[in-house]
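To start, the structure under review is shown below, and the notes come after it.
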Amino acid sequence: MSREPAPPAGGTETGGAASLAFAAHDHARCAGGALRRAEALVAERGVRLTPVRRRALEILLEAHRAMGAYEVLERLAADGFGRQPPVAYRALDFLVEQGLAHRIRRLNAFAACTLPGGAHSPAFFICTGCGAIAEAPGEAIRASVEAAAAALGFTVERASIEAAGTCPACREGRA
Ligand SMILES: [Zn+2]
Ligand SMILES: [Zn+2]
Ligand SMILES: [Zn+2]
């Protein structure tokens, strides 16, 4: 959960992004758009997308899947950012804090946010066949979890909504 105030639900620019991950699409354009939104967001907030943070985000944006911190570190090292684990961890922490990436707990890995821009409760759909991950708005699921918790007198501080299954391409034998 991010601490920024939530923008009005259903932002125009990110409206259709949730369904793209499992569909054939122009991913270069999709990733480029996400990177530009990230740049605009950090500029608005007055924080800096340093070269290593930007490169880490680009690496995560290469595909709709999650990457472990070690894999990101290897890629950063190959790009000349050094081989010190804190370099990758700090960059990933920054991206998560800013809502530009999410921690996928089930996979102990990170995925670029496909709906960046303010606090949201994402639901993740993870394909066990090809590793593809789609992010969808999970506010309704979150509300159900909170209602169930309230009935128990329980206060939810953190909830990860991650579903494992089969993406359309794997189901149709395309992946
Ligand atoms: Zn894409
Ligand atoms: Zn997100
Ligand atoms: Zn799949």
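Only one entry in Ala134, Ala164, Ala111 is touching a strand residue (DSSP E or B) at 6+ places or on another chain (Cβ under 7 Å), outside any helix (DSSP H, G or I), within 15 Å of ligand 3 (Cβ to nearest atom) and more than 26 Å from Leu35 (Cα to Cα), namely Ala164.
Exactly one residue out of Ala147, Ala140 is exposed (fewer than 13 other Cβ atoms within 10 Å of the Cβ), away from ligand 2 (no atom under 16 Å from the Cβ) and part of a helix (DSSP H, G or I): that is Ala147. Once the range 115-125 is narrowed to residues that are within 16 Å of ligand 1 (Cβ to nearest atom) and at pLDDT 85 or above, the residue that is surrounded by the fewest Cβ atoms within 10 Å (Cβ to Cβ) is Phe125. Being of a type in the set (Lys, Arg) and within 14 Å of ligand 1 (Cβ to nearest atom) is the filter here, so list the residues in the range 53-67 that pass it. Within the range 53-67, Arg65 is the sole residue that qualifies.
Here's the yes/no breakdown for (1) within 14 Å of the chain's Cα centre (by Cα); (2) at pLDDT 95 or above; (3) hydrophobic (A, V, I, L, M, F, W, C):
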site: Phe22; (1), (2), (3): no, no, yes
site: Ala31; (1), (2), (3): yes, no, yes
site: Glu58; (1), (2), (3): yes, yes, no
site: Glu62; (1), (2), (3): yes, yes, no
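How many residues are within 24 Å of Pro168 (Cβ to Cβ), modelled with pLDDT under 95 and either within 16 Å of ligand 1 (Cβ to nearest atom) or surrounded by 19 or more Cβ atoms within 10 Å (Cβ to Cβ) (or both) when one looks only at the range 96-114? Qualifying residue count for the region: 2.
So, Asp93, is that one exposed (fewer than 15 other Cβ atoms within 10 Å of the Cβ) and not hydrophobic (A, V, I, L, M, F, W, C) or not? The answer is no for Asp93.
Being more than 16 Å from ligand 3 (Cβ to nearest atom), over 30 Å from Pro51 (Cα atoms), outside any strand (DSSP E or B) and free of Cβ contacts under 8 Å to residues at least 40 places away in the same chain: is that true of Gly80 here? Taking the combined requirement at face value, the residue does not satisfy it. Residues of the range 61-74 that are outside any loop (DSSP other than H, G, I, E, B) and surrounded by fewer than 18 Cβ atoms within 10 Å (Cβ to Cβ): Tyr70, Glu71, Glu74. Pick from Arg75, Arg54, Arg37: which is at pLDDT 95 or above and under 26 Å from Arg106 (Cβ atoms)? Residue meeting the stated conditions: Arg75.
The values are calculated or read from the model by the stated rules, or taken from the named source; none is laboratory data. These numbers come from a predicted model, not from an experiment. Virtual Cβ from ideal backbone geometry, glycine too; neighbours counted across all protein chains shown.
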